[in-house]
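The values are calculated or read from the model by the stated rules, or taken from the named source; none is laboratory data. Quick caveat, the model's predicted, so the values are computed rather than measured. No Cβ is skipped: glycine too gets one built from the backbone with ideal geometry, and neighbour counts run over all protein chains shown.
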Amino acid sequence: MSSYKKKATVSLRTARTPLELRLIDHQFRTVAYGMGTLEKKVPPGLYQIEVRAGNSVRRDYIALNPGEIFSKDDIDLPVETIAPVAGAENSHESHGGPTEHLSKHPNRHYGDGGRLVLIFRNVGQAYQKPIDISSFQLLTDSLNLFDDLPPAEAETGDGILGFSGDADPGGYVLRNHTEWLSKTRAAHGESLGADLPIWVEPDWITIVFLPAFDTRSTPTLRAASIHMAPLWAGYQYDDWERVNAAAELALSGLRQGRSVLRKNMLDLLLNQKFTNPMLGIIGAQAMLLQPKPNWSLFDTVRRNLKKLVPTHPDVTALFVSGKERRGIEQRSRVRKLTFPPMLAAGYRGAIARDAEEPGLIVGDSLADQAASRLYQQGPWTLWEPFTFSTETTVDTSVLADIAEIERMVAHPTTPVSDTVSQLWRSVANAPETSVGALSDPEVKHVAQFVQQAAIEERKHGTRDLSAGYSELEIKNLSKTIGLPVSSVMRAIKTISEHGFTGKQ
């Protein structure tokens, strides 16, 4: 073989934590990928080695000659963590101390039974820079103001503000009025403001870390890190270096929708569930991204979490997400969801399962109404702020056959033969129909789907909706649109009453 055709060999290995390794050629194509190790024969040329751990990335360039063996077995990358952890690249002792103190000595009193700690901190190079939290509010699970978080009442340090309060167990919502996120359910545009659900479990501390980066003085919800600690122990600044590195990697994988944890790192997360159940939940959700999850291990982790934090919505979501992944049809004997899970992957899994088990997500609850307003940025559940209402959207007596639709909530596989078909055909006969003026997100999602079905009907010239829409089932609508059954039901009622004119 002539020398110019002889391939070079690249052999890479990380020193401690298994990091993501990627080999990229001169045309910016990934030619090899590995977790902790990478070995590949490649043509001579210029390559980029990308090393990634969560939000931390380093890129190096190498030029390979024909037949060359490039070997590096001590690759390391200090992991940047949102939580202040001893040994992390962006950790500062002046942040770890106040966090540990606040977790053990609350400076507010919201109730009894659990504790909520909010830590706003600078994680960039200018970690002493002041933080602006004027846009943040803590709300109740009905989205009423609970605490406006005045900076003057926070415990402060260099580049850190903190609040800590004993609290009644249950759901709370942290709102940032200036969060800048792209709308995932809109055709275009962006929106200011986002809500983050937070759950406080009896006898546990929920600790929410919110980072501000060098470019902005206002912390962001989408890069949050959420942990738990026993009420009697508090946060331990010195204990979590490798554990937090694993957590950051797992959250990065959940953000990207792929598995990035090797077995030893996953085991490290799962083994922390007894002192930090949130890590167990994150690790178990990461397992669901694997091509072939170890279901025996998954079930063991889930059962242990249920014993540790039995009322946590993320544990319910974990259970039903596992059933959905395995295709188990048996109805779940779990707590119904009225409050959204904190992890976005768990919330999506619960919504998908609700199509099979209508009522799993309780109608008119926050878990139901937030579903149509979700953002899809970051691993945590975030939605566009709205005013919560438990009032029925429309009078159920509007149509003579609306009762039939309501009965289908209990039987989601029954074809929606009359009312929905009438909706389809009314749109099919009105080509100029527009859904642009509809303001309620769940109504708009269903209306857009109905309109697309009508377009398909006109395109294929059918009257029996055979072009992929003949089995008009509530379950199918719920799964296709990605909303709970009760949300789809409300939308159908609204459309039935008001049509597509936008006059809600």
Keeping to segment 15-49, report how many residues are among the aromatic types (Phe, Trp, Tyr) and either assigned to a strand (DSSP E or B) or in contact (Cβ under 8 Å) with a residue 40 or more places away in the chain (or both). 2
Neighbours by Cβ (under 9 Å, 6+ apart or cross-chain): first from segment 171-192, loosely packed, with under 15 Cβ neighbours inside 10 Å and at pLDDT 55 or above; second in a strand (DSSP E or B) and β-branched (Val, Ile, Thr): Leu192/Thr178
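What number of residues within segment 285-318 satisfy the criterion of being in contact (Cβ under 8 Å) with a residue 60 or more places away in the chain and hydroxyl-bearing (Ser, Thr, Tyr)?
1
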For Gly378: the one exception among (1) more than 23 Å from Gly193 (Cβ to Cβ); (2) buried (at least 16 other Cβ atoms within 10 Å of the Cβ); (3) at pLDDT below 95; (4) small (Gly, Ala, Ser): (1)
Need the failing condition index for Ser11 against (1) touching an Asp or Glu at 6+ places or on another chain (Cβ under 8 Å); (2) among the small types (Gly, Ala, Ser); (3) modelled with pLDDT of 90 or more; (4) in a loop (DSSP other than H, G, I, E, B), just the number. (4)
Residue list for segment 350-367, restricted to those being in contact with a Pro (Cβ under 9 Å, 6 or more places away or on another chain), surrounded by 24 or more Cβ atoms within 10 Å (Cβ to Cβ) and of a type outside the set (A, V, I, L, M): Asp354
Would you point out the residue of segment 463-493, among those that are among the charged types (D, E, K, R) and assigned to a helix (DSSP H, G or I), that is modelled with the highest pLDDT? Lys479
Checked segment 113-137 for anything farther than 30 Å from Ser56 by Cα and either in contact with a strand residue (DSSP E or B) (Cβ under 6 Å, 6 or more places away or on another chain) or crowded, with 17+ Cβ neighbours inside 10 Å (or both); matches are Gly114, Arg115
Keeping to segment 50-73, report how many residues are small (Gly, Ala, Ser) and either not assigned by TED's automatic domain parsing to the domain that holds Tyr33 or not in a strand (DSSP E or B) (or both). 2
